[in-house]
1. When all alpha-carbon pairs of the stretch 180-320 are counted, what percent fall beyond 27 Å?
2. Starting from the eigenvalues of the Cα gyration tensor, five times each then square-rooted, give me the equivalent ellipsoid semi-axes of the stretch 115-169, largest first, whole Å.
3. Charges at C-beta only: +1 for Lys and Arg, -1 for Asp and Glu. How large is the resulting dipole of the stretch 240-398 about its Cα centre, in Debye rounded to 20?
4. Over all directions, average the projected area of the Cα convex hull of the stretch 265-356 and note it in nm².
5. Over what distance in Å are the Cα centres of the stretch 420-447 and the stretch 204-256 separated?
6. Packing-wise, with mean Cβ within 10 Å as the measure, how do 206-212, 398-404, 480-486, 434-440 rank, highest first?
7. By per-residue mean of other Cβ atoms within 10 Å, what is the highest-first order of 267-273, 285-291?
8. Using unit Cβ charges (K, R positive; D, E negative) and no other charged atoms, how large, in debye to the nearest 20, is the dipole of the stretch 113-252 about its Cα centre?
Amino acid sequence: MVEVKAADAVVAVDAAAAAAFADSADSADSTAPMLSEAQPTPLEGAAGVDDVDSAVAKAKTEEAQVLVAEDGAAPDANEPEFKVYRTRFLAVTTVFLANVSNALIWSTYVAVTPTTAAYYNTSNWNINLVSLIFTAVFVVFILPAMWVIDNWGVRTSLLFGSWVTALGAAIRALSYFAPAESRLAVLYVGQIVAGIAQPFLLDVPTKTAAVWFPSKERLTANTVMNLGQPIGTAIASLVAPGVVTDASDTTAIDLLNVITFGVALVFAVPSIFVKARPPTPPSKSASVQSTSFWVGLKRAVANRYFMLLAFSYALLLSCFNTFTTFASTYLTPYGYSETDSGNTLVIIIVVGIVTAGVVGVIMDRIKQHRLALKIISWVLFIGVLLYYFACAPDRYGLLYAACVVIGLGAIPVMALSLELGVECLHPVAEGTTSGIMWCLACALTVGFTFASYGLTDPDGDMKRAIILLLALLACSAVLLLFYNVANRRIMFESSTDKQVDDDTEFQLTVLEATEDSKLDSANKV
């Protein structure tokens, strides 16, 4: 239940929204009696909003809410109830840079796999495992990361993730001093350490957007932060071939490792200055207490609508992760160079960055997240289909066109899906919803990577592996057609902002309300 507080008055606001969003496990004893008497249910629409508005206006005329400004100045009776701070841009920039450095460590050797394999005296497959190690470690450490983000906040997660990434990069660079037969083992250790940091960084954007940004900026902020991962991959795809200019000069790998360590170290510094949250929340949803971690986790797993969304997202992202892992392996059998494979990744990511930025800004205004996600999933499928036909000698035009289409679909899908996950389960904590979605994606990435390797022909041709990705992408796009759940957080903020919309976008269905009732009963037991 949400309350608007005057100095000595507390006015109950919009019990309809509260009934839909309050977590019964945390508030059943204190709020159930109040909600059960003469209050409209979520399915009774916006009735009573005028009365609520009058009550709110009366309370505010009696005495304004007193808030403390960020700079510690004396309270102002005319201070707004919700505020945004310029320091929110420091938060979003720090999360972005941390994810860039972590992704740079993750995908350092994607575009120079054969040369790296020669330096470490091993096979291409063992170098591809360097990326896979990140994914496997993510699955192991995502639960602690979710707990830390939801209970200790953005600052703690950022500090840990940023500096552990730098530590992992440092260990990799130290492989230079190891005996030749031990270098690969040192590389793996560094990769494991940096991989431990990844869930603390990938899972934090939705939380950061929720506690620092207002509704009209949330998706854009989330998009910017999630772009850190693909941009880090793009930097690796550009820098690695630029450093390793001669495939026979394997010592260039040492320089590449030092460069990535330097980037990780510099990008970790801003995390020292980020606060966990602003003094005053930026929106009504940010002022509401999230459900407790374990209750929220239970609700998420039990909600079939959320799990449908999470599984669809996992299919999309794991296919893209598998695709980037084998970026050079797909093309080199057809005469393309490591530089060519790096260029394809850069095209995908640059196009994706532009598209994701445009989609984020538009969706923050029109709130059509579901429709956008459904369209984009089919765009990604078409792009990979074109890429399949481009895997042949001297088809540069078709190859680059395919990469443009893949970029249009692959990058925007991340922020859109993660925001919808929060919308589906509000007020379950943001770290919980995005953590589950990332965990499923990483687990599937491990499986699809091994499956792709198993489908590789003896001559190195991986077209059968690409067919597997196409089948999985089609399944995800079809599943998303059945996701039609109300955006609960948007609905909550609209109702408490006195702008209840009768459109079905903001209404709970009878089936959803029934499911929530069942979950509430289970939680009470």
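The values are calculated or read from the model by the stated rules, or taken from the named source; none is laboratory data. If you're wondering where the values come from, they're calculated on a predicted model, not measured in any experiment. Positions of Cβ are backbone-derived with ideal geometry, glycine not excepted, and every protein chain shown enters the neighbour counts. These accessible areas exclude ligands, DNA and RNA; they are computed on the full protein's heavy atoms, side chains included. Shrake-Rupley method; radii C 1.70, N 1.55, O 1.52, S 1.80 Å.
1. Result: 42 percent of Cα pairs exceed 27 Å.
2. 31, 13, 5
3. It comes to approximately 1500 debye.
4. 10.7 nm²
5. 20 Å
6. 206-212, 434-440, 398-404, 480-486
7. Result, highest mean first: 285-291, 267-273.
8. 360 debye
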